[in-house]
């Protein structure tokens, strides 16, 4: 029996309507950011605004990637670019090194995070040891404290250790803020692996190291990818700790440099937008590529409650 | 009997690195911060750090800025949590359907999640821009607005505009959690409800909503904990202004610590915020755990 | 060579005693079945022997070597699980080879051993497949292959046949029995299925509440159950249990009397156990037939005797009876089981 026509049409209309609203809400702001980044300063300061760039230009991106070769002085900054009348901020040259910092930190955090959280999650999920609950609660409890509350004492500690401006200090900090969540993800996933597989592995001759390597890791790919992505994205995006723990430009990460542009009123709008686009591309690409894993990894254990 | 066998030794080895990192970077600062909060530490006078007991805490409660910040944080958190949850359920209902393009929309959902909060702040600040922003342009073009407005300069709506930016970024994760919860509802329940003659609204109220309870719980607790501690957007978009319109607790802590350099009171405020967050999530779990 | 000795083996979870000071000695090459209902401690015992659960108190010895604290991967035991527990990401060949690989054997040795095991279990044609492409019976054969390929001297089996359907279970039972004879290894086999226990075991340990109720050969357990629990757990249909007292050297319940060859003291409250098949045609017991269940090879009769005593009888198919008939049959006093009512133990 076929469904009557009317409900099907209603459903199609509703779905189309809500899909359109969804796309508008989720993608609209980003689309405008991208659109703005492709406009010249003259174009972007027009009233009413241009929805789409009239003369798409990648001048801003060129500026970012060539900024290092150009010495920005008071004179050539003032004189600007006659054609586009855009102002390059004096810090434009810092953008690429900051991106490199962000990338280096992100990769270190992702790799070390995986190493630390896989081993800890295995122990907590699989081994029945004294202190198991205490360990789990300790790990989760460190995440209850708001970042802004941690920032002050951490700043004092790191300053006393003389590690302000050190990338290593940031890596360790980001490890601490990402590890509780990735451990949680991995525990949920490991607990879903049949207990008998663990027992079989032990009987077959695996110690804990081999049981983790030969049985648990090959079966946990989604959770591993989700953890890696989460750790990388968190450190790529992180702002407060980087703001407080780095004070010279050479050590600063992308969000800090960009926030500097935002606060600097002389900076060209289109240039800031271009910098934003640059910062958004790696995480968004990563998220979309690993979508399937992220969804199943992030939400593992959510339904169990 | 205290015998440490193979399991105990392996577990200790596997768990040690994480605990070491957390001890140095989280546990020690948390405890150290308590010590700081009991002292009158002002960075401009580094050699004087007298012990003052709970004076810093008492001083906070006498501080008018603190109560303003509490009021702002409360409004901001309530708006964020309520709207995020509502939107998340709507989006989950949409993406739980099977239709052409559904996979594309699901991929799109991750874009705000992956966007750095600094870029998020930049993006919305640019949209709200009083002269060149999209919001003014759009509303005037459509005819809903006569003249350009200084959106973020209006103390009545600043907080809501910042909340909007925050919601945009945190809605996707909430929606994902709701989708997984929905997928776990047995199809039989809907069939039974249909047979009983329930229409689509009744099916939503009597089948979907009760089954969403675990996911809803998680979203509410998580969003509360996240929203109450938001900081990035306030620094980038308004710096607490205009006036004290967006002067939240996180911002107060930042100002007290890094602008006034009064570390003692800053740490005490951090403790108040941390304990409040903890108590709130606990209360939400206890209260809603029974109700929904 | 492996003798397994459990000395006061104990497992407790907080205040709950799962296994209570178990004493058990399993001889080399013996097929020992741990039989009991769920929660009786049989699987916990097996896990302690395997090393998968920590021993709370007591000692465990393989031959003369104490292994109480030896982790499972150092114990050199093989185990087969109810859920098969095949590694889903490995092929059948890799699954069977896994224990040998872990022991660092050479590729050619592994190849030869896997081939031999596969041949023995008739799964050579499955070696390239993955577990999710196999049926339940095939998976269990692979699990057996993974166990035998190591040629261990101790085999542990945790309800290996419970997930299989009835016919497959029969043929796998035969296969396991054959393996035991060929391998000459010590088998410890956990099950709740009395038929499996009876057909496979050299000796059965019937367990309940963390304690061994009776340890004996299958015949011994069936013929001389040590208590009411053991009597009731074995046999299908189950043994008839009737409460009564000893009066005048006979079991008495109302008008129902059965003379006993070796009666306990007068006036004692007892429980009488009568196996359904221990009746003969023609005798001095009369009863009314209530229900007739013909099974083809035999017939089960539910009858009601004097004193409201309800019995189930297992009789040859030649006995013709219809509901409402009066039936006379004989009971051999030597085949009766008398238990003390208070202690539930055999008298």
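The values are calculated or read from the model by the stated rules, or taken from the named source; none is laboratory data. Note that the structure is a prediction, hence the values are computed from the model and not measured. Counting neighbours? That spans all protein chains shown, and the Cβs are built from the backbone with ideal geometry, glycine included.
Can you name the residue in the stretch A:127-149 that is surrounded by fewer than 24 Cβ atoms within 10 Å (Cβ to Cβ) and touching a residue at least 60 places away in the same chain (Cβ under 8 Å) and, of all such residues, is nearest to the other protein chains (Cβ to nearest Cβ)? The qualifying residue nearest to the other protein chains (Cβ to nearest Cβ) is A:127. If you filter the stretch C:241-267 down to residues that are in contact with a helix residue (DSSP H, G or I) (Cβ under 8 Å, 6 or more places away or on another chain), without any contact (Cβ under 8 Å) to a residue 60 or more places away in the chain and part of a loop (DSSP other than H, G, I, E, B), you find that the one that is nearest to residue C:306 (Cα to Cα) is C:255. Inside the stretch B:109-130, residues that are within 7 Å of another protein chain (Cβ to nearest Cβ) and either surrounded by fewer than 19 Cβ atoms within 10 Å (Cβ to Cβ) or part of a loop (DSSP other than H, G, I, E, B) (or both) make up a count of 2. Evaluate the following for residue C:141: is it free of Cβ contacts under 8 Å to residues at least 60 places away in the same chain and either closer than 26 Å to residue A:221 by Cβ or buried (at least 21 other Cβ atoms within 10 Å of the Cβ) (or both)? So residue C:141 fits the description; yes. Among the residues of the stretch C:210-220, not a single one is surrounded by fewer than 17 Cβ atoms within 10 Å (Cβ to Cβ) and in contact with a helix residue (DSSP H, G or I) (Cβ under 7 Å, 6 or more places away or on another chain). For residue A:211, are the conditions met, namely being more than 8 Å from chain B (Cβ to nearest Cβ) and touching a helix residue (DSSP H, G or I) at 6+ places or on another chain (Cβ under 7 Å)? Judged against the criteria, residue A:211 is a match. Screening residue A:242 on (1) in contact with a helix residue (DSSP H, G or I) (Cβ under 6 Å, 6 or more places away or on another chain); (2) within 11 Å of another protein chain (Cβ to nearest Cβ); (3) under 18 Å from residue B:10 (Cα atoms) shows it passes everything except condition (3).
Residue B:49 meets each of the listed conditions (1) crowded, with 18+ Cβ neighbours inside 10 Å; (2) more than 26 Å from residue A:142 (Cβ to Cβ); (3) within 12 Å of chain A (Cβ to nearest Cβ) apart from (1). With the condition kept exactly as written, say whether any residue in the stretch B:68-87 is within 14 Å of residue B:268 (Cβ to Cβ) and within 13 Å of another protein chain (Cβ to nearest Cβ). Yes, the stretch B:68-87 contains a residue that is within 14 Å of residue B:268 (Cβ to Cβ) and within 13 Å of another protein chain (Cβ to nearest Cβ). Can you name the residue in the stretch C:47-59 that is out of contact with any strand residue (DSSP E or B) (no Cβ under 6 Å at 6 or more places or on another chain) and more than 30 Å from residue C:136 (Cα to Cα) and is also nearest to the other protein chains (Cβ to nearest Cβ) among such residues? Ranking the qualifying residues of the stretch C:47-59, first place goes to C:54.
Of the residues in the stretch A:159-178, at least one is closer than 17 Å to residue B:270 by Cβ, at the interface with chain B (Cβ under 7 Å from one of its Cβ atoms) and surrounded by 19 or more Cβ atoms within 10 Å (Cβ to Cβ).
Scanning the stretch B:182-196 for residues that are under 30 Å from residue A:284 (Cβ atoms), at pLDDT below 85 and either touching a helix residue (DSSP H, G or I) at 6+ places or on another chain (Cβ under 7 Å) or outside any helix (DSSP H, G or I) (or both) returns a single hit, B:184. Per the listing A:33, A:5, A:24, A:88, the residue uniquely more than 21 Å from the chain's Cα centre (by Cα) and either within 12 Å of chain B (Cβ to nearest Cβ) or at pLDDT 90 or above (or both) is A:24.
Looking only at residues in the stretch A:44-60 that are crowded, with 18+ Cβ neighbours inside 10 Å and in contact (Cβ under 8 Å) with a residue 60 or more places away in the chain, the one that is nearest to the other protein chains (Cβ to nearest Cβ) is A:44. Just name the residue that is surrounded by the fewest Cβ atoms within 10 Å (Cβ to Cβ) out of those in the stretch C:104-138 that are within 14 Å of chain A (Cβ to nearest Cβ) and without any contact (Cβ under 8 Å) to a residue 24 or more places away in the chain. Selected residue: C:104.
Condition check for residue B:141 on (1) surrounded by fewer than 21 Cβ atoms within 10 Å (Cβ to Cβ); (2) more than 8 Å from chain A (Cβ to nearest Cβ): one failure, at (2). Being over 19 Å from residue C:157 (Cβ atoms) and in contact (Cβ under 8 Å) with a residue 40 or more places away in the chain is the filter; apply it to the stretch C:55-67 and report the residue that is surrounded by the fewest Cβ atoms within 10 Å (Cβ to Cβ). Across the stretch C:55-67, the extreme among qualifying residues is C:63. Taking the stretch B:197-292 as the region of interest, the helices (runs of 4 or more DSSP H) fully inside it that hold 1 or more residues being more than 12 Å from chain A (Cβ to nearest Cβ), in contact (Cβ under 8 Å) with a residue 40 or more places away in the chain and under 15 Å from the mean Cα position of the chain (by Cα) are B:213-227, B:263-291.
Which of the residues spanning the stretch C:317-347 are more than 27 Å from the chain's Cα centre (by Cα) and assigned to a strand (DSSP E or B)? C:326, C:327, C:328, C:329, C:330, C:331 - these are the residues of the stretch C:317-347 that are more than 27 Å from the chain's Cα centre (by Cα) and assigned to a strand (DSSP E or B).
Of the residues C:205, C:287, C:231, the single one that is touching a strand residue (DSSP E or B) at 6+ places or on another chain (Cβ under 7 Å), surrounded by 14 or more Cβ atoms within 10 Å (Cβ to Cβ) and in a helix (DSSP H, G or I) is C:231.
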